[in-house]
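Worksheet for the structure shown next.
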Amino acid sequence: MGFKLGQVQIFVSDIQKAKKWYSEVLGMKLVEEYPKMKCARMKLGDTEFFIETPNPAWGEGWDAVNVGGRTPIIFAVDDVVRTVAVMKKKGVRFVEELSMRPWGEMKAVFADPDGNEFNLV
């Protein structure tokens, strides 16, 4: 069947602020913006992200979507120690400081301006 990851949704409160943050902090590139839908399609490597404001008008269930909180998204970098230092200089808030996991992986957890939390390994 040929499954692949299509896109990742991240819910935010302010599209313009989020576009700037995801571009400047994570290096995402804007692909297309949908002002009427209050969302932007961005790309990081081969992965597409929809940065969007939840809208109950989209249909059932959208009113229950929360902005902020822990996400299941894990960003991987070549040098997590260096990346944490660079991100801190950019003012990124870390929810969990860099630590060694029991299986030998370095990990930290950071948050975007809306409080969406992401793992960094």
message: Using only alpha-carbon positions, what ratio does the radius of gyration of the chain give when scaled by 2.2 N^0.38 Å?
response: 1.12
- request: With θ set to phi - 60°, apply the Karplus curve 6.51 cos²θ - 1.76 cosθ + 1.60 along segment 22-29 and write out the HN-Hα couplings as whole Hz, x wherever there is a Gly or Pro.
  value: 5, 6, 6, 8, 9, x, 5, 9
query: What full-extension length gain, to one decimal in nm, is calculated for K90 and L30 as 0.36 nm per residue of separation minus the Cα-Cα distance?
result: 19.6 nm
field: Excluding exposed DSSP-loop GluC sites (Glu not before Pro) (at most 15 other C-beta within 10 Å), longest clean stretch of the chain
entry: 1-59
message: Placing +1 on the Cβ of each Lys and Arg and -1 on the Cβ of each Asp and Glu in the chain, which of A40, F118, V77 has its Cα farthest towards the positive end of the resulting dipole?
response: V77
- prompt: With the contact rule set at Cα under 8 Å and sequence spacing of 6 or more, what percent relative contact order holds for segment 1-104?
  reply: 24
- prompt: How about K107: which lysines have a C-alpha closer than 24 Å to its C-alpha, ignoring those fewer than 8 places off in the same chain?
  reply: K43, K88, K89, K90
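Bear in mind that the values in this text are calculations on the coordinates, not laboratory data. Predicted model, so just to flag it, every value in this text is computed and none were measured. When we count neighbours, we look across all protein chains shown, and the Cβ atoms used for this are built from the backbone with ideal geometry, even at glycine.
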